[in-house]
Structure formats: structure tokens, C-alpha cells
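Asker: I am attaching a structure below and will ask some questions about it afterwards.
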Amino acid sequence: MNPYALSILLSSLAVGTITTLSSSHWFLAWVGLEINTLAMIPLMTKMHHPRSTESATKYFLTQAAASALILFSTIMNAWATGEWAITTMNDNSSTFMLTIALSIKLGIAPFHLWLPDVMQGLNLTTCLILATWQKLAPMSLMIMTNHQLNTSLLITMAVLSTVIGGWGGLNQTQIRKMMAYSSIAHLGWMTLVLSFSPNLTTLNLMIYLMLTSSMFLMMTTLNSTNINKLSTSWLKTPLLASSMMITLMALGGLPPTSGFLPKWLILQEMTKQHLGAVSTLMAMSALLSLFFYLRLSYAISLTTAPNTSNSNMTWRMTHNQMQILPTMITLTTMMLPITPTLLAMLN
């Protein structure tokens, strides 16, 4: 893609998200979401492949439907209350529609079916943007309206998301689809605690963005899109392969990695709210996700690809420019000891 066109599209993505994050008026927030969607579509189609065209079409249709629903719900609320401010969604039917619209935007179950198919048709860099940056604007709107959203609906969608996110990733061989189901499961954890502690949702979102970014950057470095390609990564760069294995454990929520922190705090908050059955179901569904993370870890570390050379190290990766990767990997593994500091910052 032309570098000037790419810079304009990335700037539009940034402008759209910042517009939504900084707005207090529903119409301005909607405009920011639309700029975001329209800037994303050319990035998706830059591969000139039928799969990427299909992904862009599916993405456009789902996001357009969600945007129309957001606009409809806010107009209904303005008609009922006379207010356009984001924090004054007092009409029950409007908040119900808004919750569904933002769930479609994010890919929360049962409105998740577009996300794995769209991510499978994209290259890894565009997948990274879709799985991380594109979650910021809709999730910020959910956090801003958290005290007005339907708690029962959010808990139901959260449990569905974690179960479907774990179950859907079990039978996959494509890493992009696995990461899509991983995203659905993590969004379920964020949605669960949204009504009770939005600060924990923010913390979970930050850690999810960090873990997913480091995972996609490592996949881009190794040029791995399926399990077969991943099994050769140990011969290429043992250090990066072991770092990827630790990142996968962090995504699964195993201590002492950073991924354990949000799950631990969310389950603690849920037990304080006397939701023991929901907490148990969420913890058990997290085991489903952990299984396919372990499957990927096994493919990376314990599977040796067919190799005709006598040397254990077949060849080394060429030097790349991803200087941010060591920092991301360090944060992925070492944030658990600074839990009190993070909680103090959020409170």
C-alpha cells in the first residue's frame, strides 16, 4: 500500500477512536465509530485476495448494522428524555438496544460469529489492529454507560462469551481463529465485571491489549499463521518461541504471569457480589481456553518439525525492527507483583 494512503488511514483510525473517547455527546461518539470503521476497511482489502474482500464485506455489514442500532437507540433515548449526553441513558428499551449494538461492535457472544471469519481473511498486522485498537472505542462507551446497562443481560452474555470462546477454539488449527476465540473469551471476562467494578474492566482491557499485542507481534516475527508453521519456530529462534509459550500461559491466566491478575480480581469481586455459581462457571470455562493455549505451547516447544540437516539450529531469523517486543514480553510476565500499585492507580 502507498505509504501516504497508509498514514492517512492509520491517522483516521486514531482520530476516530480519540473522538469517541473524548466525546460526551452521542452523535459525536457515533461519528468517531464511523470514522474508525471506514478507515479499517481499506486496510483489510490491501491484500487483494478473495478472502480479504470477504472479510471486509462481513466487517462492513456487521459494523454498519451495529452503528445504525446505536444511532437508533440514542435517538429513542433523546426522544424519551430530551438528553443527548452519554451518561444520561435512562430509557430501558434504549439501553437494551445500546448493549446489543456495542456487543455486536466488540464481538461479544452471541453476536460473535463475524469475528473469527473476518480475522481469518486478514494479514497478521491488520488482525492485531482489529483485535486491540478497534476494541477501545466501543468498550469505552460501555464503561461510560456501565451504571445504566442491564446487569442480567451483561452477565448472560459474559458467561456465553467465555464458554463459546473456549469451546470454539478447541478444534482450530489456524492461529488467527484461535486468537479470535481468545478475544471473545477475554471480552466475556470484561463484560462480567462491568456493572460491579468498571475499574477492573479497564485493568482487564489493558492487560488483554498487552498480551494480544505481544502475541501477534511474535507471530508476525515468526511468520506463523497455523500450528504446522508454529512447530518450526523453536528451530528458528528458541528464545522467541519460549517467550511465546509464556505469553500463551499468560493468556490462559496461569500464575505467576500477568494474565492471572484480572481473572483473580474479577473472581474475587464476583464472590463479594454473592455470585458464586457464575464465578464457578467462569473459572471452569477458562479451562477450555487454557486447553488450546496448552495445545499451541506443545506445538511450539515439544514438537520437532521434520529436519534433514544434522544441525539442531537450522537457520537464524534475520534482524527485524521490532524493538518494542522485549518490553511487551517483560510486561506480559512480570506485572503480578505490582498488583497493589495498579489497583491504587485505577482507584
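Asker: All but one of (1) under 22 Å from LEU128 (Cβ atoms); (2) open to solvent by less than 10 Å² (accessible area, probe 1.4 Å) hold for GLN174, so report the exception by its number.
Answerer: With respect to (1) under 22 Å from LEU128 (Cβ atoms); (2) open to solvent by less than 10 Å² (accessible area, probe 1.4 Å), GLN174 is out only on (2).
Asker: Right, another one. Could you check how many residues of the stretch 17-30 are part of a helix (DSSP H, G or I) and open to solvent by 70 Å² or more (accessible area, probe 1.4 Å)?
Answerer: Total meeting the criteria: 5.
Asker: I need a count of the residues in the stretch 140-153 that are of a type in the set (A, V, I, L, M) and surrounded by fewer than 22 Cβ atoms within 10 Å (Cβ to Cβ).
Answerer: The qualifying residues number 4.
Asker: Condition first: over 18 Å from PHE60 (Cβ atoms) and assigned to a helix (DSSP H, G or I). Now tell me which residues in the stretch 1-16 satisfy that.
Answerer: Those that are over 18 Å from PHE60 (Cβ atoms) and assigned to a helix (DSSP H, G or I): PRO3, TYR4, ALA5, LEU6, SER7, ILE8, LEU10, SER11, ALA14, VAL15.
Asker: Moving on to the next point. With the condition kept exactly as written, say whether any residue in the stretch 224-237 is open to solvent by 10 Å² or more (accessible area, probe 1.4 Å), touching a Leu at 6+ places or on another chain (Cβ under 6 Å) and in contact (Cβ under 8 Å) with a residue 40 or more places away in the chain.
Answerer: Checking the stretch 224-237: not a single residue is open to solvent by 10 Å² or more (accessible area, probe 1.4 Å), touching a Leu at 6+ places or on another chain (Cβ under 6 Å) and in contact (Cβ under 8 Å) with a residue 40 or more places away in the chain.
Asker: Right, another one. Can you name the helices (runs of 4 or more DSSP H) wholly within the stretch 185-244 that have at least 1 residues being modelled with pLDDT of 90 or more?
Answerer: Of the helices (runs of 4 or more DSSP H) lying wholly inside the stretch 185-244, those with at least 1 residues that are modelled with pLDDT of 90 or more span 198-222.
Asker: What tally of residues in the stretch 18-40 results from selecting those that are under 23 Å from the mean Cα position of the chain (by Cα) and within 11 Å of LEU141 (Cα to Cα)?
Answerer: Selection size over the stretch 18-40: 7.
Residues checked against (1) in contact with a Ser or Thr (Cβ under 8 Å, 6 or more places away or on another chain); (2) of a type in the set (D, E, K, R); (3) modelled with pLDDT under 80; (4) part of a helix (DSSP H, G or I):
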{"residue": "LEU254", "(1), (2), (3), (4)": "no, no, no, no"}
{"residue": "PRO262", "(1), (2), (3), (4)": "no, no, no, yes"}
{"residue": "HIS274", "(1), (2), (3), (4)": "no, no, no, no"}
{"residue": "ARG295", "(1), (2), (3), (4)": "no, yes, no, yes"}
{"residue": "GLN323", "(1), (2), (3), (4)": "no, no, yes, no"}
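Yes/no matrix, rows are residues, columns are (1) under 22 Å from the mean Cα position of the chain (by Cα); (2) small (Gly, Ala, Ser); (3) within 16 Å of MET334 (Cα to Cα); (4) not assigned by the TED database to the domain that holds ALA158:
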residue	(1), (2), (3), (4)
THR202	yes, no, no, no
SER224	yes, yes, no, no
SER243	yes, yes, yes, no
MET249	yes, no, yes, no
TRP264	yes, no, yes, no
LYS272	no, no, no, no
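Asker: Just to confirm my filter: which helices (runs of 4 or more DSSP H) fall fully inside the stretch 86-136 and include at least 3 residues that are among the aliphatic types (A, V, I, L, M) and either more than 19 Å from GLY169 (Cα to Cα) or more than 13 Å from the chain's Cα centre (by Cα) (or both)?
Answerer: Correct list: 92-106.
Asker: Mind listing whichever residues of the stretch 49-99 are in contact with an Asp or Glu (Cβ under 7 Å, 6 or more places away or on another chain) and more than 25 Å from GLN120 (Cβ to Cβ)?
Answerer: MET76, ASN77, ALA80, THR81
Asker: When you scan the stretch 68-82, do you find a residue that is under 28 Å from VAL163 (Cα atoms) and open to solvent by 10 Å² or more (accessible area, probe 1.4 Å), even just one?
Answerer: yes
Asker: Filter the stretch 258-271 down to residues that are surrounded by fewer than 22 Cβ atoms within 10 Å (Cβ to Cβ) and touching a residue at least 24 places away in the same chain (Cβ under 8 Å), then give me how many there are.
Answerer: Total satisfying the criteria: 4.
Asker: Answer with yes or no whether LEU33 is in a helix (DSSP H, G or I), touching a residue at least 60 places away in the same chain (Cβ under 8 Å) and either open to solvent by less than 40 Å² (accessible area, probe 1.4 Å) or more than 23 Å from THR95 (Cβ to Cβ) (or both).
Answerer: In short, yes.
Asker: With the structure loaded, tell me whether ILE129 is in contact with a helix residue (DSSP H, G or I) (Cβ under 8 Å, 6 or more places away or on another chain), touching a residue at least 60 places away in the same chain (Cβ under 8 Å) and among the aliphatic types (A, V, I, L, M) or whether it fails that test.
Answerer: In short, yes.
The values are calculated or read from the model by the stated rules, or taken from the named source; none is laboratory data. Given the structure is predicted, the values throughout are model-derived calculations rather than measurements. Positions of Cβ are generated from backbone atoms using ideal geometry, with glycine treated the same way; all protein chains shown enter the neighbour counts. Side chains included, ligands, DNA and RNA excluded: accessible areas come from the protein's heavy atoms. Shrake-Rupley method; radii C 1.70, N 1.55, O 1.52, S 1.80 Å.
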